[in-house]
1. Restricting attention to the range 79-106, which residues are among the basic types (Lys, Arg), modelled with pLDDT of 80 or more and farther than 30 Å from ASN43 by Cβ?
2. Within the range 31-45, is there a residue that is loosely packed, with under 10 Cβ neighbours inside 10 Å, at negative phi and of a type in the set (Ser, Thr, Tyr)?
3. Is at least one residue of the range 58-78 more than 26 Å from the chain's Cα centre (by Cα) and modelled with pLDDT of 90 or more?
Amino acid sequence: MIFGYIWWRAVVDQPQQLLSGAIFWVACVALTGVVILAWVAWNRSLARRRIAKFGGRKLRASGPIDFSTDALGQPVVIAEGALTARLVGVDLVDGVKLIEPTAAPR
C-alpha cells in the first residue's frame with residue numbers, strides 16, 4: 001500500500017519524473033531477478049558437484065574418505081580416538097592440523 005501511495009503521489013505531483021522512476025523500478029526488479037537466478041544456478045552447480053563426487057546427499061561416499069589433507073591441501077593428523085569422540089579439538093602446529101579428542105568443559 002505504501003509503494004502504491006508513493007507511485008500515486010509521483011504521478012499526481014511530478015508526472016515528468018514518472019519515466020525515470022519507472023526505469024529505476026524496472027532496473028531494480030531486473031537486478032533482483034538476475035541475483036536470484038545466479039543464486040539458483042550456483043546452488044544447482046554445488047549439488048551437481050556433490051552428486052558427482054559423493055553420490056548425492058543420501059548416499060555414503062563411494063570409497064574411503066581421505067583424511068590425510070584438508071580442503072586447502074594442508075596435512076592432517078588425527079589422534080587415536082578422535083574419529084569416535086563427541087568433542088574434538090583442532091590445533092595447527094607447524095602447518096599440520098592436529099585433531100584430537102578433548103574433555104567436555106565443565
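1. Scanning the range 79-106 gives a single hit, ARG86.
2. No, because not a single residue in the range 31-45 is loosely packed, with under 10 Cβ neighbours inside 10 Å, at negative phi and of a type in the set (Ser, Thr, Tyr).
3. yes
The values are calculated or read from the model by the stated rules, or taken from the named source; none is laboratory data. Keep in mind the model is a prediction, meaning the values are calculated, not measured. With ideal geometry, Cβ positions are generated from the backbone for all residues, glycine too; neighbour counts draw on all protein chains shown.
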